[in-house]
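J.: Quick one: the structure is below, and I'll ask about it shortly.
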Amino acid sequence: MTMAEPIVAAPERRAASDVAAPIVEVRGVHKIYNGDVVALKDINLSFEEGRLTSLLGPSGCGKTTLLKIIAGLLEPTAGEVMVKGRKITGPGPERAFVFQDFALMPWATVLRNAAFGLELRGVPAKERNETARHYVEEVGLKGFEEKYPHELSGGMRQRVGLARALAVNADVLLMDEPFSAVDEQTRRKFQEDLIRLREVENKTFLFVTHSIEEAVYVSDRIILLSPRPGRVNNVIDLDIRRGDDPEAIRRDPNYLDTVEEIWRGIKQYLD
Amino acid sequence: MTIYGYRIPMMASLIVWCILWEIVGRLDLLLLFPPFSDVLVALGDVVNSRSFASAVSITLYSYAWGLGLAIVFGVALGFLMGTVPVADRLLNMWVNVFLSAPLSALVPVIMILFGMGAPTVIVTVFMFAVWIIALDTRAGVLHVPASLLEMARSFGASRWTTTWKIVLWAAMPEILAGIRLGVIRGVKGVVIGQLLVSIIGVGALFTTYSNNFLMEHFWALTLILFAFALTVGQLIALLEARIDYYAGARS
């Protein structure tokens, strides 16, 4: 773990020391709502290929806004986002989004929901169902292909959302508080599965969460945002060994210290 | 409904009313109310008469056309109002005015425009059914969850694709509710239209029966129309229940 920088570190300096090539770059992004509500102020970040980066902060810090700007779902008021070296103008096939409320079509089966990203890209039915079937299995929903979303638990629904995002084979997975709408036990299982998933899928993950434990548990790097106006407060690189036993991490003193340290940094923004 | 632990089917209340009708009819208080049993006998007469067969065919023909046009136009109008804010501001007031206006008063005008035949009845059915379908469709389109729209956009869906693959299906429960109400209002439209035109279809029959004081026949025909409206409404409700089942997990 490296937390050498003071709490008001300049994020640009961080970016210079990066080893891996950045796949997503955020340059001078501002977002102002309704003319005067500053949601994001001068965000400069880069995300390296193959890493899992969390955007962490209390509510109102603009972390979801930032993720949606990177997704191309929202337009920044100023600044730009580069993905694989190209400036984005909207959503693109190299990015896939996992929604907080799952965003599943209630009238479609698990399989069709999982294949929907491919369906929208014009992939023939046979091919897309085959791909979707593979990912439905990979997220642990084998046997549920023909069920409808309302027949599944919240956790299972989000697995469908995850399968849909994986099926389009995007380079970057954007996850907007994906586990916040499921119960605590399911959430833990999900976090463990996410770590395992990363070993199989060579993808870059951007992960929005308001849970410090979750961020520390799953991330390679945490970007701490502070609220009103949302700006980068600190960038923390984590070095927690993720071995065979997922439970061991939660007892790792390194893990516990990091959680504690971030909590102390964040506490001042709460009222 | 249960009485003393016995489950009584909902239709049981109908039997109570029928008995009450029979009693009132037998008291001979009013010329207008023949006993229910006489009406049932007349029912056979009405159904077997040749004029009934032709009345049914012309009525169904006008009803089907008027309702079909109302569904196509109403759903399209509702989509327009739900997706284009300018169109909504322009049209919303008028649609609401037409929804609550006494449309029967307009039928004579329609008659002048479309003549004394089936076209007038078709237009009347259309006018009775279309507005509620448009307003319900609009409500459905406006209530499509924002995250579903974002989801489609994030996977690169065009506006048209989103409309066909997401909005139409997500709004389906409201659209069907609108159609069910439209179906029932359409029956009103077909009867009122034909009564005012009064030379075709069941309207002509109604006129004949009441002018000749054939009250048994008059009520028998009324029963048939009620049964028809209820049956079609129930069929749509069944379809609705199915769709609601799929849409039950709307978040």
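J.: Which Cα, out of B:Met172, B:Leu67, B:Ile200, lies furthest along the positive dipole direction of chain B (beta carbon charges, K/R +1, D/E -1)?
T.: B:Met172
J.: Among A:Pro124, A:Gly140, A:Phe47, whose Cα projects farthest towards the positive end of the dipole of the protein assembly as shown, with charges put on the beta-carbon of Lys, Arg (+1) and Asp, Glu (-1)?
T.: So the residue furthest toward the plus end is A:Pro124.
J.: Hey, got the dipole for chain B? About the Cα centre, +1 on K and R Cβ, -1 on D and E Cβ, debye to the nearest 20?
T.: Around 700 debye, computed over chain B.
J.: Quick one: if you stick a label point 7 Å off each Cα along the C-beta vector at A:Arg86 and A:Asn202, how many nm between them?
T.: Computed distance between label sites A:Arg86 and A:Asn202 equals 2.1 nm.
J.: With n ≥ 4 as the cut-off for DSSP H runs, can you work out [θ] at 222 nm for chain A, using -39500 (n - 2.57) per run divided by the number of residues, rounded to the nearest 500? Before the final figure, lay out each step's value.
T.: On the way: 9 runs with 99 residues, N = 271.
Helix contribution divided over all residues of chain A: -11000 deg cm²/dmol.
J.: If I take every Cα pair under 8 Å that is 6 or more residues apart in chain B, average their sequence separation and divide by the length, what percent do I get for the relative contact order?
T.: Details: 303 pairs, mean separation 61.0, N = 251.
In percent, rounded to a whole number, it is 24.
J.: Give me the inter-chain shielding for A:96-105: mean count of other chain Cβ atoms within 10 Å, whole number please. Walk me through the intermediate numbers first.
T.: Numbers: counts 2, 6, 2, 6, 1, 6, 5, 11, 5, 12.
Partner-chain Cβ atoms within 10 Å, mean over residues of A:96-105: 6.
J.: List, in the order given, every pair from A:Lys63/A:Lys189; A:Lys31/A:Lys142; A:Lys31/A:Lys84; A:Lys63/A:Lys142 whose Cα-Cα distance in the structure shown is over 31 Å. Spell out each step's value before the answer.
T.: Working: A:Lys63/A:Lys189 24 Å; A:Lys31/A:Lys142 42 Å; A:Lys31/A:Lys84 22 Å; A:Lys63/A:Lys142 33 Å.
Beyond 31 Å between Cα atoms: A:Lys31/A:Lys142; A:Lys63/A:Lys142.
J.: A follow-up question, please. Report Rg (one decimal) and Dmax (nearest whole number) for chain B, counting Cα atoms only, units Å.
T.: Spelled out, the Cα radius of gyration and Dmax of chain B are 22.1, 73 Å.
J.: Looking at the calculated P(r) for chain A, what percent of the C-alpha pair distances fall above 32 Å? Can you show the working numbers first?
T.: Details: 8249 of 36585 pairs.
So the pairs more than 32 Å apart make up 23 percent of the total in chain A.
J.: By counting other Cβ atoms within 10 Å of each Cβ, how are B:Met111, B:Met93, B:Met151, B:Met81 ranked from fewest to most? Mind showing how you got there, number by number?
T.: On the way: B:Met111 19, B:Met93 10, B:Met151 29, B:Met81 24.
Going from sparsest to densest Cβ surroundings: B:Met93, B:Met111, B:Met81, B:Met151.
J.: Could you please rank A:Asp257, B:Asp38, B:Asp136, placing first whichever residue has the fewest other Cβ atoms within 10 Å of its Cβ?
T.: A:Asp257, B:Asp38, B:Asp136
J.: Work out the FRET efficiency for A:Ala125 and B:Val84 from their Cβ-Cβ distance, taking R0 = 41 Å, and round it to the nearest 0.05.
T.: With a Förster radius of 41 Å, E is 0.80.
J.: What is the local net charge at B:Gly44, summed over the other residues whose Cβ is closer than 15 Å to its Cβ (Lys, Arg +1; Asp, Glu -1)?
T.: -2
J.: Hey, if you put +1 on the Cβ of every Lys and Arg and -1 on every Asp and Glu Cβ in region A:77-233, which of A:Gln100, A:Leu174, A:Gly85 ends up farthest toward the positive end of that dipole?
T.: A:Gly85
J.: What is the order of A:Val83, A:Val259, A:Val208, B:Val72, fewest Cβ neighbours within 10 Å to most? Kindly include the intermediate steps, with their values, before the conclusion.
T.: Values: A:Val83 21, A:Val259 18, A:Val208 25, B:Val72 12.
Lowest to highest Cβ neighbour count: B:Val72, A:Val259, A:Val83, A:Val208.
J.: Quick one: divide the alpha-carbon radius of gyration of the protein assembly as shown by 2.2 N^0.38 Å and tell me what you get. Intermediate results must be reported in sequence, preceding the final value.
T.: Numbers: Rg = 32.1 Å, N = 522, 2.2 N^0.38 = 23.7 Å.
Output field value: 1.35.
J.: Cα-Cα pairs above 23 Å in region B:46-181: how many percent? Working shown, then result.
T.: Details: 4143 of 9180 pairs.
Every Cα pair in region B:46-181 considered, those over 23 Å come to 45 percent.
Values in this text are rule-based calculations from the coordinates and carry no lab data. Note that this is a predicted model, so its numbers are computed, not measured. So basically every Cβ, Gly included, is an ideal-geometry build from the backbone, and we count neighbours across all protein chains shown.
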